[in-house]
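Structure first, commentary second.
Each value in this text was obtained by applying a stated rule to the coordinates, not by laboratory testing. Since the structure is predicted, the reported quantities are computational estimates derived from the model, not experimental observations. Cβ placement follows ideal geometry from the backbone for every residue including glycine, while neighbour counts extend to all protein chains displayed.
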Amino acid sequence: MHIAIMITVVLLPILGGILIPMLPFHNRKQMLIYIEALVLVNSALIIAMLLDEPEEAFVLFRFTGDLRVSFHLDGLGRIFAAMAAVLWPLAVLYSFEYMKHEGHEATFFMFYVITYGITLGVAMADNILTMYFFFEMMSLVTLPLIMHTQTREAVLASRSYLYYMIGGAAFAFIGMIFILAYGTTSTFVPGGVLDPAKIGDKTNMMLFVYVLCFLGFSVKTAVWPFSSWLPRAGVAPTPVTALLHAVAVVNTGAFAAMRVTYYSFGTELLRGTWAQNVVMVLVIFTIVYGCSRALKETHLKRRLAWSTVSNLSYILFGVVLMTPLGLAGALCHMLFHSFMKICSFFCAGAVMYKTGRSYVHELDGLGRRMPKVFVIFTISGMALMGVPGLAGFVSKWQLAQAAVASENPLAWVGVGALLISALLTAIYMLTISVRAFFPGKDFDYSKVADAEDPNWLMLLPLTVFVLVIVLFGLHPQPFIRALQEVASVMTVS
Amino acid sequence: MSDLWILSPVLLTLGVGIFLLVWSFAEHILAAKAFRPAEPAAGSKPEKEAGLKTVHGLAVGTLLAAAVLTLGAAWSGDRSVTLFYLMKDIPIYFHIDDISRWFVTVVTVIWVLVGIYSTVYMQHEGEEKRFFGFYLLVYGVLVCLDFSGNLVTMYLFYELMTLASFPLVLHNGSREAIMAALKYLFYSLCGAYMGLFGIYFLYRYCSSLTFMPGGTLSPEAVSGQAGILPVAVLLMLIGFGAKAGMFPLHAWLPTAHPVAPSPASAALSGIIVKSGVLAIIRVVYYIVGPDFLRGTWVQYTWMALTLVTVFMGSLLAYREPVLKKRLAYSTVSQVSYILFGLAVLSPAGFTGALLHVAFHAVVKCGLFLTAGIFLFCCGKTRVDQLAGIGRRMPAVLWCYTLFALALIGIPPTSGFVSKWYLAQGALHADIGVWSYVGPAVLLVSALLTAGYLLPITMKGFFPGQEESSGSAEDTEQKQRVQADTAGAAKRQEPKAAMLVPLLILAALALGMGLLPGVFTDFAGGIAALVI
């Protein structure tokens, strides 16, 4: 197959998305069929591309010399692309039902689909310039989605989102300039591209720039002290919070952090330095901080958002271990967490959609009226807290093993943080399930008489996710092997 | 793979358990749809009774069948099954060895007896389908836990046990019960995660996570890791000790055990706490190895914690006026006897610990069932309400007295045998001053045990004269009341389904003390193997 397929999967959703408000659909159904078809075709193309494994890079255009916008599919990108290809069609299906009560569907789906293309752009970016370009695009395109409801709260949330993103990008930009100046090439190369001859005695400066750059990209993964935008962005419609703020956008940040750490700066330069310690301390702190905030939060979606903050830092923790095992663990948690968190968010969305309740204390007794949703929610909660046999246990095992093997005492502290966070996760997830299923003996069930399970458009994605969570939990070996293969490239260089 | 049948009891109980849960749940959903509370929806009264008979028959039948299969599997040789590989070198692996046999037999005996008792008792608690559903689930999980052949398999079922058993605690649905259940859940999970922290490290420093008598720690990997590994092991001990009610993570136990329905408290206090003991045995004697710990600060810290728990538990029990809560504190103290026996790392201590696992399970289960009968038949929860109870139900109080003697450790009851071995183990172990301090603490605690258990017997049989003191007419009235109760007493023994399990337990508590040889030989055999 021709390598042009790489640009196709990026451009098809972008162009197809822009067309959504313009095409003369006769009714809502036609539009929905068009959208689902568009997304499915794109996913099929991605899968074809993944099977085809194109080796060369596709250069879209050159600015000057080495600066170019080009795509190349390597192991890391392949995982991210595959994840997007599976999640998008299901999330779109769910949105069809959910967005009924939000309105402005054409605009919503336009941006929702465009983001698909941009995510792939990030996944397949061949060099730091391309990645930076799509990274910025991502911030801009998702902005209208946060503003969707047009309430004052939503406008404020999107404004803070924008400030955080622009600030982060500025830091990341500094990093990019230094990589261009001190590297041999701007392309991503496993093991890093910095030229020791050029750096000379400026190692400390490079480390400082790394910290800036890492934090800049990690603003998207909501690392402390840049985490407050994520829960505030929870005002967006649930499909946005679920797919973008738990998976696509935030994983872009983690993905970019992986790229700069392992493919641009290189772990040789960073491992064992103060720079590694600084970022690791921040990440470990965020793991516990996110969970503690989740525990305090009574708004269901914001609670899940804080949980995302903490879980994203699990991924970053794997990244900053700066070992191949750490990268494998990070990838593993990126993949598994996406399914677990999108699953819990969709459950929360289903509850909000069917009952209009969004606070934890309003969920009493709903388990009996919405059994399917709450059983799935409980399973996803147990997966998040790391019950063996479900996905979370496996990815935490990988991360903890990498941390133990790294022989870094700070990483051992990190293992402790993972487990503290697991306990807090159990508390903030299971209290919801207990409320829903065991409201107490005097509970008046007529209060929840209006609630019922949603229709198949919502239940199908949920069922698929929960099956995937169980599959990951019981038979993770093929996935882990693939991830470790990707990460083992690091040791060669 | 031909040994796959050893998991058949698990499949059976899990299947029937889930069926009962779905049945109960479906009933509630239908009731909720009809905008009616759950109770009337179950139909007219005779119909409901018939439904309950089915539930009881199903639950007890399943339990008996599963018990036969389990014991058959356990006592037919060292069998092992690898179910599948969770990760590259981590299989879900079951292996039956002597420890499995010992624990699973105790679990099975207690579970069946308590199951029969519950068929009557649970009638006044309601929601029986849900209760028996979770009750069967926990049994299946416990069998898996006892059969586990490596650390990760054990951890899997350890967590599942917590999740399956906490609905038993919140059964009555009061706010107090729900809060207690959550406390139980979070303490247990906290402990489990501390255990998991250790597992992460052991995975790196052990040649395998499969249980081997004497441990699998690989010496070359350990060298240079003197700092972190003992810390990890101590965290595991404290973590798994949470389930066994060991200080400092003991606080859930006196909260959670009393609020559960009495059969559930009996099962929790008799059996579930022993899973913590099992986990600690597996970690210390089958993974880390006693030689690694002997003489280290970890051993001394652990021993100090167990002794603190023994003393503190007894003291709190002594001061506690509510019977079930008093028994829960007593569990805190008694299970740490077992842990102390394990902590001295000597063969006699280990033997004593294993014996006490079985004896304490029988005795504590019996005590909770007695407390349940007092609650069920007379609605009495506090110790001071129990004066004169011996006239109403003498058989029950005689059983109680026997259990009390066994728990104190008076010969010829079973408790004496295990405590003898525990003291022997401590005296002969090379642990310096602790070999005297330990038995001394055990002795003081035994005195306290007598102090908190025996007054009930005395008051029960001899309510004394205080009641008749006071003004004349008051005395007359009291005497009339007393005569009433005394007259009714002869016919107020509980139903056979409640009494028979109690009598069997009492016979066991006495019998195991009269004929201890077979048990001490078996436990001693295991001890010789691992140390």
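For chain B, averaging the sequence separation of C-alpha pairs within contact (under 8 Å, six or more residues apart) and dividing by the residue count gives a relative contact order of 14 percent.
Summing charges over all other residues whose Cβ lies under 11 Å from the Cβ of B:Lys325, with Lys and Arg as +1 and Asp and Glu as -1, gives +3.
Per-residue Cβ neighbour counts within 10 Å put B:Trp434, B:Trp111 in the sequence B:Trp434, B:Trp111, beginning with the fewest.
For B:Lys419, a cut-off of 16 angstrom between C-alpha atoms picks up these lysines, skipping any fewer than 8 places away in its own chain: B:Lys364. Between amide H atoms placed 1.01 Å from N, distances below 5 Å from B:Leu86 occur with B:Ile92, all of them 5 or more places distant or on a separate chain. The alpha carbon gyration tensor of the stretch B:296-531 gives principal lengths a ≥ b ≥ c with a/c of 1.5 or higher and a/b greater than b/c, which makes the shape prolate. Helix by helix through chain A, keep the DSSP H runs that span 24 Å or more along the axis on Cα and average at least 1.6 on Kyte-Doolittle, and give those back in order. Qualifying helices, which must be both long enough and hydrophobic enough, are A:128-146, A:409-437, A:456-474. Given +1 at the Cβ of Lys and Arg, -1 at the Cβ of Asp and Glu and no other charges, the dipole of the stretch B:296-531 around its Cα centre is 440 debye to the nearest 20. Computed over chain A, the per-residue total of -39500 (n - 2.57) for DSSP H runs of n ≥ 4 gives a 222 nm mean residue ellipticity of -23500 deg cm²/dmol, rounded to 500.
For the stretch A:212-332, the normalised intensity computed at q = 0.17 Å⁻¹ comes to -0.76 (log10 of I(q)/I(0), Debye sum over alpha carbons, equal scatterers, no solvent).
Listing B:Val259, A:Val394, A:Val288 from fewest to most neighbouring C-beta atoms within 10 Å gives A:Val288, B:Val259, A:Val394. Expressed as a whole percent, the proportion of Cα-Cα pairs in chain B lying more than 45 Å apart is 14%. As a length-normalised measure over Cα pairs under 8 Å and 6 or more apart, the relative contact order of the stretch A:272-493 settles at 29 percent. Peptides A:431-439, A:270-278, A:293-301 ranked from most to least packed, by the mean per-residue count of other Cβ atoms within 10 Å: A:431-439, A:293-301, A:270-278.
Projecting the alpha carbon convex hull of chain A along each direction and taking the average yields 22.0 nm². At most 13 other Cβ atoms within 10 Å plus a DSSP loop assignment makes a site exposed; report the longest stretch of chain B without any exposed trypsin sites (Lys or Arg not before Pro). That gives B:89-489 as the longest site-free run. Between A:Ala170, A:Leu300, A:Leu90, the Cα set farthest toward the positive side of the dipole of chain A (charges on each charged residue's Cβ, about the Cα centre) is that of A:Leu300. Other protein chain C-beta atoms within 10 Å of residue C-beta, averaged over A:418-431: 4.
With contacts taken as Cα pairs under 8 Å at a separation of at least 6 residues, chain A carries a relative contact order of 14 percent.
Kirkwood hydrodynamic radius of the stretch B:285-325, from the reciprocal of the average inverse Cα-Cα distance over all distinct pairs: 12.4 Å. Here the 3J(HN,Hα) profile of the stretch B:401-414, calculated from phi with Karplus coefficients 6.51, -1.76 and 1.60 at θ = phi - 60°, is 4, 4, 4, 4, 4, 5, 5, 5, x, 8, x, x, 6, 5 Hz, Gly and Pro shown as x. In order along the stretch B:79-90, the Karplus-derived 3J(HN,Hα) couplings, from 6.51 cos²θ - 1.76 cosθ + 1.60 at θ = phi - 60°, round to 9, 9, 9, 9, 6, 6, 9, 6, 9, 3, 10, 10 Hz, and Gly and Pro are given as x.
Using a cut-off of 18 Å between alpha-carbon atoms, which aspartates and glutamates can reach B:Lys324, once sequence neighbours fewer than 8 places away in the same chain are excluded? Partners found: B:Glu125, B:Glu176, B:Asp384.
If only the Cβ of Lys and Arg carry +1 and only the Cβ of Asp and Glu carry -1, the dipole of chain A around its Cα centre is close to 1060 debye. Helical runs (DSSP H, four residues minimum) scored at -39500 (n - 2.57) apiece and divided by the length of chain B put the mean residue ellipticity at 222 nm at -24000 deg cm²/dmol.
Using a simple spin-label model with pseudo-atoms 7 Å out from Cα toward Cβ, B:Ala440 and A:Glu153 lie 6.4 nm apart.
When each of the peptides A:193-204, B:517-528 is scored by how many other beta carbons lie within 10 Å of its residues on average, the order from highest to lowest is B:517-528, A:193-204. Taken over the stretch A:272-493, the percentage of Cα pairs per 5 Å bin, counting from 0 up to the bin with the maximum distance, is 1, 8, 15, 18, 17, 14, 10, 7, 5, 3, 1, 0, 0, 0.
Legend: mean number of C-beta atoms from other chains within 10 angstrom of residue C-beta atoms, peptide B:364-372, equals 0. For the stretch A:205-281, the normalised intensity computed at q = 0.13, 0.14, 0.16, 0.25 Å⁻¹ comes to -0.43, -0.49, -0.61, -1.11 (log10 of I(q)/I(0), Debye sum over alpha carbons, equal scatterers, no solvent). Pairs of C-alpha atoms in the protein assembly as shown farther apart than 40 Å represent 47 percent of all such pairs. With the Cα gyration tensor of the stretch A:414-465 giving a ≥ b ≥ c as the square roots of its eigenvalues, does the rule (a/c under 1.5 for rounded; else a/b larger than b/c for prolate; else oblate) give rounded, prolate or oblate? It comes out oblate by the Cα gyration axes.
With a threshold of 22 Å on the Cα-Cα distance, the over-threshold entries among A:Lys354/A:Lys447; A:Lys441/B:Lys495; A:Lys301/A:Lys341; B:Lys129/B:Lys243; A:Lys296/A:Lys441 are A:Lys441/B:Lys495; B:Lys129/B:Lys243; A:Lys296/A:Lys441. Under the convention that each Lys and Arg Cβ holds +1 and each Asp and Glu Cβ holds -1, the size of the dipole of the stretch A:50-93 around its Cα centre is about 220 debye.
Counting Cβ atoms of other protein chains within 10 Å of each Cβ in A:59-69 and taking the mean gives 0.
Here the calculated FRET efficiency for B:Leu11 and A:Asn277, from their Cβ-Cβ distance with R0 = 35 Å, stands at 0.10, rounded to the nearest 0.05.
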